[in-house]
Structures are given as C-alpha cells and as structure tokens.
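Read-outs throughout are calculated quantities, based only on the coordinates presented, and are distinct from any laboratory measurement. Predicted, not measured: the structure shown is a model, and the values here were computed from it. When we count neighbours, we look across all protein chains shown, and the Cβ atoms used for this are built from the backbone with ideal geometry, even at glycine.
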C-alpha cells in the first residue's frame, strides 16, 4: 500500500517540486505538466494525510497556503531523485527496446 501511494503518477512530481522549500499550489500546478487542479488537490491531500507534506496557511488576504516536505519525505526525496534521473537517462533505450519488441511480436 505504501509503495502504491509513493509510486503513484503524481506523487513523485510533487515532492520533487517541493524539495527546495515551501511551495504554493499554483507553483506546483506550473511545475507538474499535465496535472489538473482537481488531481493536484487530491494528491496534495493524500500526501498530507500520509505524513509527506505539511500544509501551512498564512494569515494574509487572500489566504496564502504553502506546502513543505516533512523529514520523512525529505528522506524519500533522495530515492525519487535517483529514480527520476534513471528514467531520464534511459528513456530513449526503453523506447527503442519497446519498438524492437513490438515489431518482433506483431504478426
């Protein structure tokens, strides 16, 4: 269950985007390509519930909300950064392997 939650599509991008300190909702929305506002909201709530994020509401008008990583999420961040780097380095090789496999398997 924990791995499913941590490895979910959007659950990787948010800690990567929030790694350098408090980040606002709109900053996360801009940093994570393709995520809808609703999915971002749901994922933020799940990460907060699981103890990965701290949501801070600042008493301003209008209210300002920031999200920060917890110590547990900071520890996870190192692994996620390694995984993201690996995926970026091997993206082309994986695409080539898939194409080769598909051409060999197709009738």
**Q.** FRET E, pair residue 33, residue 106, Förster distance 25 Å, beta-carbon r, rounded to 0.05
**A.** 0.20
Q) If R0 is 41 Å, what FRET efficiency do you get for residue 90 and residue 60 from their C-beta distance, rounded to 0.05? A) 0.40
Q: Using the number of other C-beta atoms within 10 angstrom as an exposure proxy, rank 58, 67 with the fewest first.
A: 58, 67
Q.
What whole-number volume per residue, in cubic angstrom, does the convex hull of the C-alpha atoms of the chain give?
A. 132
(Q) Sort 98-105, 19-26 by the packing proxy (mean of other Cβ within 10 Å over each peptide's residues), most packed first. (A) 19-26, 98-105
Q) Name the residues of the range 9-32 whose amide N is less than 20 Å from a point 7 angstrom out from the Cα of residue 98 along the C-beta direction? A) 9-13
